[in-house]
Structures are given as C-alpha cells and as structure tokens.
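The values are calculated or read from the model by the stated rules, or taken from the named source; none is laboratory data. Everything numeric here is computed off the predicted structure, so don't read it as measured data. We place every Cβ from the backbone using ideal geometry, glycine too, and count neighbours over all the protein chains shown.
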Amino acid sequence: MKKGIHPKYYKNAKVHCACGNTFTVGSTKEYMEIEVCSKCHPLYTGKEKVIDTMGRVEKFKQRLAKKEKLLAKSKEKKKEKKEKKEKASKKE
Ligand SMILES: [Zn+2]
C-alpha cells in the first residue's frame with residue numbers, strides 16, 4: 001500500500017443501531033450510528049416494521065394531534081354560539 005494516501009482503517013469499528021444492537025466491523029470510521037441492522041431489518045426478522053428515519057413518524061403524529069386539538073376547539077366554539085342563539089330565541 002502506498003503511504004499517506006489511505007485513510008486510517010479501524011479493524012474494530014463500533015456500530016450502534018437504533019434498535020440498541022451494537023457490533024463491530026472493519027471501517028475507516030471509528031464509530032457509526034445506523035437506523036437498521038441485521039438484527040432489526042424486516043428482511044431478517046420477518047416482521048413488519050416502520051423504519052423511522054429522521055423522526056418522520058413522530059413529526060406526523062405531532063401534527064395530527066395539533067389538528068385534532070384545533071378541531072375540538074372549533075367544535076366547542078360552535079356549540080357555544082348555538083347555545084347563545086337558543087337562549088336569545090327563547091327570550092323573544
Ligand atoms: Zn438494529
């Protein structure tokens with residue numbers, strides 16, 4: 001091998017998976033974080049699984065919760081208006 005042009009090679013580079021599994025590989029990076037590994041990939045586990053990259057599922061759930069809150073609020077307001085109208089009509 002030519003000297004000075006090859007990156008440092010780590011024989012026991014640590015890999016940490018999102019599922020909690022850790023293992024070692026040979027790599028030029030000493031430490032890596034990954035989302036799937038052979039322990040949790042659906043192909044190996046045979047189970048269906050949502051692979052959540054960048055927390056997209058979490059973001060979607062938050063957005064959904066926000067929308068439901070807004071909907072509940074607007075429904076309450078409509079109820080109040082209706083009740084007021086009914087009261088006013090009773091007075092007449
Ligand atoms: Zn994994």
Residue pairs meeting the criteria (Cβ under 8 Å; at least 6 apart or on separate chains; first under 16 Å from Asn12 (Cα atoms), in the range 23-44; second away from the ligand (no atom under 12 Å from the Cβ) and in a loop (DSSP other than H, G, I, E, B)): Gly26/Tyr9; Ser27/Tyr9; Thr28/Pro7; Thr28/Lys8; Thr28/Tyr9
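Return yes when Val57 is surrounded by 11 or more Cβ atoms within 10 Å (Cβ to Cβ) and away from the ligand (no atom under 16 Å from the Cβ) and no when it is not.
Yes: the conditions hold for Val57.
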If I go through the range 71-92 residue by residue, how many of them are of a type in the set (Gly, Ala, Ser) and modelled with pLDDT under 80? 2
When the range 1-32 is checked residue by residue, the ones that are assigned to a strand (DSSP E or B) and either in contact with an Asp or Glu (Cβ under 6 Å, 6 or more places away or on another chain) or closer than 24 Å to Gly55 by Cα (or both) are Tyr10, Ala13, Lys14, Val15, His16, Cys17, Thr22, Phe23, Tyr31, Met32
Looking for whichever is aromatic (Phe, Trp, Tyr) and more than 16 Å from the ligand (Cβ to nearest atom) here; the options are Tyr9, Tyr31, Tyr44. Which one fits? Tyr9
